[in-house]
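Read-outs: derived from the displayed coordinates by stated rules, not from any lab. From a predicted model like this one, the values you see are computed outputs, not experimental measurements. Positions of Cβ are backbone-derived with ideal geometry, glycine not excepted, and every protein chain shown enters the neighbour counts.
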Amino acid sequence: MRVFITGASSGLGAALARHYGAAGARLGLAGRRLDGLRDTAAGLDAHLYPADVRDATAMQQAAADFVREVGVPDIVIAAAGISVGTLTEIAEDAAVFRAVMDANVLGLVHTFQPFIAALQPGSVLCGISSVAGVRGLPGGSAYSASKAAATVYLEALRLELKARGIAVVTVAPGYIDTPMTQVNPYAMPFRMTAQAAAVKVVRCITRRRGYAVIPWQMAWVARMLKWLPIPVYDAVFEKAPRKPRNLPT
């Protein structure tokens, strides 16, 4: 099996790499931090690509090298992303909005596009969205908007590729215990370890599920949030704790 994963230098991407690597997969691992990629790849059959998913050219080069050295992937997982608090009224946050949207939405395009023409029937593209995309969260407008856009983009892509026998799997996790969430100054119900989340993502990929929220408890929360009337939602979440605004490096 050949698997290409972005965001593999830490968190869920690294956990997915270790899961597939332990099963004998040949890996392509992309991420912004080469040291993190090396840690992830220890003992695995992996090609490393220090690349930012916001850089379309870098991702095309990584994909071309992987196909040349390893072959066309059976599974491509877009797990890279940025989560950070934002406020529209703060001028310098405009650049943060762009960084979040570029990574979380265009990063999916840059990850998948170089591979699609060569993919064979039975292949799977998996994009990691988030429960945060179900409703807009105060203080997290860029992140919520990016994950809502990611979910809809992946849905369209799923329909576009269905006739070719290529599955597009959208996984929307709740809270995962990673450096991205460890800065959150609020309770995170049903929080999963990265390893537990990876097992659930792999199960979704194996079953070729079109859309799944993990864990199952958060799936029920997502359903409830989706259908809450606006006045009720506003009353509950208007004063909700906000995510810190410092952009991860």
In the neighbourhood of A15 defined by beta carbon distances under 13 Å, the net charge of the other residues (Lys, Arg +1; Asp, Glu -1) is 0
Connecting every pair of Cα atoms under 10 Å apart in the chain and solving the GNM, the largest mean-square fluctuation among V72, V236, V53 falls on V236
G43 neighbourhood, Cβ < 14 Å, K/R = +1, D/E = -1, net charge +1
Per its Cα gyration tensor (rounded if a/c is under 1.5, else prolate when a/b beats b/c, else oblate), the stretch 1-148 is best filed as prolate
Per DSSP, the loop-located GluC sites (Glu not before Pro) within the stretch 46-109 having at most 11 other beta carbons within 10 Å are E89, E92
Tilt, helix 141-161 to longest principal axis of the chain (alpha-carbon atoms), in degrees rounded to tens, equals 40 degrees
Contact order relative to length for the stretch 2-237, counting C-alpha pairs under 8 Å separated by 6 or more residues, stands in percent at 18 percent
Checking R38, R18, R203 against a Gaussian network model of the chain (alpha-carbon springs below 10 Å), the top fluctuating residue turns out to be R203
Sparse-neighbourhood loop hits (trypsin sites (Lys or Arg not before Pro), the stretch 42-136; DSSP loop; Cβ within 10 Å at most 15 others) -> R135
Listed by chain and number, the aspartates and glutamates with an alpha carbon less than 16 angstrom from that of K162, same-chain partners under 8 positions apart left out, are D74
Measuring from the longest principal axis of the C-alpha atoms of the chain, the long axis of helix 216-227 (C-alpha) lies at a number of degrees, nearest 10, equal to 50 degrees
What helix-only [θ] at 222 nm does the chain give? Using -39500 (n - 2.57) per DSSP H run of at least 4, over all residues, to the nearest 500, the answer is -13500 deg cm²/dmol
